[in-house]
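The values are calculated or read from the model by the stated rules, or taken from the named source; none is laboratory data. Since the model is a prediction, treat every value here as computed from it, not as a measurement. With ideal geometry, Cβ positions are generated from the backbone for all residues, glycine too; neighbour counts draw on all protein chains shown. Note: areas computed on protein heavy atoms with side chains; ligands, DNA, RNA excluded. Shrake-Rupley method; radii C 1.70, N 1.55, O 1.52, S 1.80 Å.
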Amino acid sequence: MMPRRLVTVCVAFLLGLALCGLSPAQKTSSKHKHEAQKQSFGTREGRAVNLYTLTNAHGVEIRAMNYGGIITSIRVPDRKGQLADVVLGHETLEGYTPNPPYLGAVVGRYANRIANGTFMLDGKTYTLPKNDGPNTLHGGVKRTFDKVVWDDEALQGNNGVAFSYLSKDGEEGFPGNLKLKVTYTLMDSNELVINYEATTDKATPINVSQHSYFNLAGEGTGDILGHELMLNADRFTPVDKNLIPTGELRPVKGTPMDFTTPTKIGARIDDNYEQLVLGKGYDHNFVINRKGSGMTLAARAYEPASGRVLEVSTDQPGVQFYSGNFLDGTVTGKQGHVYKRRYGFCLETQHFPDSPNHPDFPSTILRPGETFHTKTVFKFSTR
Ligand code: GLA
């Protein structure tokens, strides 16, 4: 029998030989296996659209593209380790053009509504294209963040991707050349970290959000009414018949808007409560309880059958909880799945809707010389 030391030396020698035999490409791929992988996904506006895949040590896989900054899929394990895609979306770029529900997209320049498509800033009135009755929703009509090609690059030394977009002065009626960058980074803690950064050369309102529709049981498998939701919000901003905030910050206590303790989304969704009737379900901005301006837990969703949990943290003042009321079966998504009413829900971290017309709401005005920065984290786990 060979002495143990000799065995160790031989094994080490053989391993060394094996490693030398690897091609440089193989070595690179194993060393950098947690960096974004890029593949081409088509063209729009004569520009290349690229799809980036991020994977982590637990097999979580997130895909996002530079068309609309869209997150196309998020595959996370259930309590038994079984992976499923938990966001609504499409398998091809064509599926997203057009994308009326804003599936997975970055929305802006002003996420959510601006009443009557108009606001005043520094004494000047601005008029925006209307696309939601009398309002402007998610930035306008043509060149909104969800339907343009962004510049793209994989993050160096990080498991992430950066998308950048220059929204030109006057685009969709907004003032100033706005340079915006969003980064998606996947951590081994199963957190997707979303950072937004922007500068402008003229004062402008800005409100950006991520419009992913979640179904933690797996996209296309049914409605989301059985998910248990906790919203860290003692108040919400009630809306008028056009879904514009009235200005009131109303306590949720004693109403079907109270998610301060985990409650099934479907438990009260069709109650005869004026705000639910107006929204055709939940489509409201909740005022996140916070001490100071840092990262705070905004929401936690739990799907009992799979055990999957999503936690949303943010530095923003609000979160729009939208229960997918306008999905109506006209969009067919991945694997031929038909997205029916309430098949997905959104937790859109944001400033309050229509803030430019509500001086009492936290300001959304970015001025030259300032840098806009905001962060949201989607954390996935099971229980
Ligand atoms: C936001 C709005 C909703 C709806 C969706 C997209 O959540 O508040 O009313 O427009 O976006 O359909």
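A few points about this structure:
- Accessible surface of the range 37-382, 1.4 Å probe, proportion on carbon and sulfur as whole %: 48
- Largest mean-square fluctuation among S40, S323, S306, in a Gaussian network model of the chain whose springs join Cα atoms under 10 Å apart, belongs to S40.
- Its Cα centre serving as origin, the chain has a Cβ charge dipole (Lys and Arg +1, Asp and Glu -1) of approximately 980 debye.
- Cα-Cα over 30 Å, subset of K168/K379; K241/K291; K181/K253; K147/K379; K124/K179; K179/K280: K168/K379; K241/K291; K181/K253; K179/K280
- With kT/(6 pi eta Rh) evaluated at 4 °C and eta = 1.567 mPa s, and Rh the Kirkwood radius from Cα pairs, the range 76-229 diffuses with a coefficient of 75 µm²/s according to Stokes-Einstein.
- Using alpha-carbon coordinates, inclination of helix 4-20 to the longest axis of the chain, degrees: 60
- Taking the inverse of the mean reciprocal distance over all distinct Cα pairs, the Kirkwood hydrodynamic radius of the chain comes to 21.9 Å.
- Considering only F174, V141, T296, and ranking their Cα positions along the charge dipole of the chain that arises from unit charges at the beta-carbon of Lys, Arg, Asp and Glu, the one farthest toward the positive end is T296.
- Accessible area (Å², per residue) of the range 37-382, counting only protein heavy atoms and a probe of 1.4 Å: 38
- Formal net charge of residues neighbouring R250 (Cβ-Cβ distance under 12 Å; K, R +1; D, E -1): -2
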